[in-house]
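Engineer: Please read through the structure below; I'll follow up with questions.
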Amino acid sequence: MSALANDPRHRRPAFPQPLKPVSPARWAAFRVLEAVENSDSHSDDLLHGPLLAKLTPQDTALANALVMGTLRQQLALEDRLIPLLARPDAPMLSPVANALRLGAFQLLHMDRVPAHAAISESVELVRHAGHPGAAGLVNALLRKLSTEIVTPRRPLVESIDAMAARLGHPAWLVKRWVDTYGKAATETICAYDLVEPPAGELFPDAAFPMDDGSRLVAELTAAAKPEAKSVWDACAAPGGKTLVLANRLPEAKFLATDASPKRRERLADRLDRELPGRVRTRTADAAKLPTTEGRFDLILIDAPCSGTGTLARNPEIKLRLAAEDIARQSARQREILLAALHRLEPGGRIVYSTCSLEPEENERVVGSLRDVKIVPVAPLLMQLKLPAGENLLSGAFLRTLPGVGFAGDGFFAAILEKA
């Protein structure tokens with residue numbers, strides 16, 4: 001079902017039946033899932049865009065729950081649905097697959113939704129989408145699923161493929177995590193990815209609402225060079241870390257850049273609204289900042305990455321990511337980091353971070369550098385009155401794992417000085 005293609009076998013009947021109404025929340029959720037499936041759009045942008053703009057608060061909440069739940073559980077849902085198909089290998093149209101996933105998610109994970117509503121509205125979704133010929137298939141599969149709902153038993157000995165299917169993650173990614181973090185930690189990470197992330201616990205103040213992992217990197221950056229007079233946030237959008245830094249270092253001059261003009265524009269709007277006049281912004285590739293910008297005492301590189309530490313918030317990543325993408329990201333990260341080192345003042349520091357769980361994007365990027373001193377993170381965590389224990393550390397580096405003693409996204413951070 002993941003490899004969807006247009007299938008000419010789905011034809012409109014000669015005399016289509018009148019369409020029945022579909023709830024606004026389900027129709028909006030269905031359209032968002034279609035956009036995620038068939039474009040490079042992000043679910044968060046779509047859920048805050050025009051597709052939900054006219055919904056009531058109650059319908060907005062339901063649409064959000066349907067979209068994020070379906071995306072988080074998509075691979076596990078397909079693992080339950082595909083065996084019910086008469087021809088599991090046959091291609092299926094995207095609207096049909098999304099209606100099936102949406103219905104299956106409601107049947108399996110939303111106790112308050114009556115089964116008949118989940119089934120009937122999923123049937124109507126494919127009809128409204130222009131594929132009435134698939135209505136019978138959707139109806140039959142979801143009814144069959146509803147009669148077979150049981151909690152799958154976990155075998156005493158479970159293969160990587162079986163574990164990945166049960167926990168709704170690509171098998172190649174699960175194998176990587178088992179090799180790096182062990183099977184128990186991997187299972188915890190996968191389970192964390194399948195549900196709504198909890199509210200942060202490390203920073204209870206409401207001044208900077210963000211995920212604990214992201215906030216931790218920002219606080220660590222400010223603590224790395226508290227006397228800094230010039231600061232560059234090299235990959236700044238959407239701006240949460242920039243806001244923390246600018247508040248923590250009120251005497252410093254700030255430059256925040258992003259390679260995307262659209263993201264830079266949103267970044268500038270946010271900073272001007274919340275900290276007017278404090279931060280200058282510029283559209284710039286972090287690896288090619290013009291030399292006219294000079295040098296900096298403190299540089300934060302929250303590098304573009306695979307994002308595998310944020311799958312609870314960005315579940316579409318695991319549906320789009322391929323193993324070869326990680327090597328490409330690693331090369332780009334090293335390029336940015338090397339360029340930033342040339343923009344560092346003597347005695348200055350760089351904080352390099354990602355929201356990836358992959359060593360190639362983290363330890364191996366840092367380890368590939370020459371003439372660089374690694375500054376241990378643990379003493380700074382103690383200064384911040386945070387527990388410098390195993391749940392936040394990996395050697396000299398910051399390392400958080402989602403759900404593994406930490407209720408937040410997975411982040412890596414290293415503090416670097418020129419030797």
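The values are calculated or read from the model by the stated rules, or taken from the named source; none is laboratory data. This structure is a prediction, so every number in the text was calculated from the model and none was measured. Note that we place each Cβ from the backbone using ideal geometry, even for glycine, and neighbour counts take in every protein chain shown. For the accessible areas, the whole protein counts, side chains as well, though only heavy atoms, and no ligand, DNA or RNA atoms are used. Shrake-Rupley method; radii C 1.70, N 1.55, O 1.52, S 1.80 Å.
Engineer: Helices (runs of 4 or more DSSP H) wholly in segment 54-154 with at least 2 residues that are in contact with a Leu (Cβ under 8 Å, 6 or more places away or on another chain) and within 18 Å of Val36 (Cβ to Cβ) - which ones? Before the answer, list the steps.
Structural biologist: Working: elements: 57-81, 94-109, 115-128, 135-147.
By residue number, 57-81, 94-109, 115-128.
Engineer: Counting only residues that are under 20 Å from Gln333 (Cα atoms) and of a type in the set (Gly, Ala, Ser), which one in segment 395-418 is surrounded by the most Cβ atoms within 10 Å (Cβ to Cβ)?
Structural biologist: To start, the set of residues in segment 395-418 that are under 20 Å from Gln333 (Cα atoms) comprises 396-400, 409-418.
Now restrict to residues that are of a type in the set (Gly, Ala, Ser): 396, 410, 413-414.
Numbers: Ala396: 14, Gly410: 26, Ala413: 26, Ala414: 28.
Once the filter is applied, the top-ranked residue is Ala414.
Engineer: Go through segment 268-290 and report how many residues are in a helix (DSSP H, G or I) and out of contact with any strand residue (DSSP E or B) (no Cβ under 6 Å at 6 or more places or on another chain). Lay out the reasoning, then the answer.
Structural biologist: Quick first cut of segment 268-290, residues in a helix (DSSP H, G or I) only: 268-274.
From the residues that got through so far, the ones that are out of contact with any strand residue (DSSP E or B) (no Cβ under 6 Å at 6 or more places or on another chain) too are 269-270, 272-274.
Adding up the residues that qualify gives 5.
Engineer: Then there's this: When Ala118 is evaluated against the numbered criteria (1) open to solvent by 20 Å² or more (accessible area, probe 1.4 Å); (2) under 28 Å from Met163 (Cα atoms); (3) touching a residue at least 24 places away in the same chain (Cβ under 8 Å); (4) out of contact with any Asp or Glu (no Cβ under 6 Å at 6 or more places or on another chain), which criterion, by number, is the only one it fails?
Structural biologist: (1)
Engineer: Test Glu201 against the stated conditions and say whether it is part of a loop (DSSP other than H, G, I, E, B), within 16 Å of the chain's Cα centre (by Cα) and acidic (Asp, Glu). Before you say what the answer is, go through the steps one by one.
Structural biologist: Working: part of a loop (DSSP other than H, G, I, E, B): yes; within 16 Å of the chain's Cα centre (by Cα): no; acidic (Asp, Glu): yes.
When the stated conditions are applied, Glu201 does not pass them.
Engineer: Taking Val375, is it more than 21 Å from Ala184 (Cα to Cα), in contact (Cβ under 8 Å) with a residue 24 or more places away in the chain and surrounded by 21 or more Cβ atoms within 10 Å (Cβ to Cβ)?
Structural biologist: Values: more than 21 Å from Ala184 (Cα to Cα): yes; in contact (Cβ under 8 Å) with a residue 24 or more places away in the chain: yes; surrounded by 21 or more Cβ atoms within 10 Å (Cβ to Cβ): no.
Considered against the rule, which asks whether it is more than 21 Å from Ala184 (Cα to Cα), in contact (Cβ under 8 Å) with a residue 24 or more places away in the chain and surrounded by 21 or more Cβ atoms within 10 Å (Cβ to Cβ), Val375 comes out as no.
Engineer: Of everything in segment 410-419, what is touching a helix residue (DSSP H, G or I) at 6+ places or on another chain (Cβ under 9 Å) and at pLDDT below 95? Give them in sequence order. Spell out how you get there, then give the answer.
Structural biologist: Initially, segment 410-419 is screened for residues touching a helix residue (DSSP H, G or I) at 6+ places or on another chain (Cβ under 9 Å), giving 410-416, 418.
Correct list: Lys418 only.
Engineer: Could you check, for segment 221-236, whether at least one of its residues is within 27 Å of the chain's Cα centre (by Cα), among the aromatic types (Phe, Trp, Tyr) and open to solvent by 10 Å² or more (accessible area, probe 1.4 Å)?
Structural biologist: For segment 221-236, residues within 27 Å of the chain's Cα centre (by Cα), among the aromatic types (Phe, Trp, Tyr) and open to solvent by 10 Å² or more (accessible area, probe 1.4 Å): absent.
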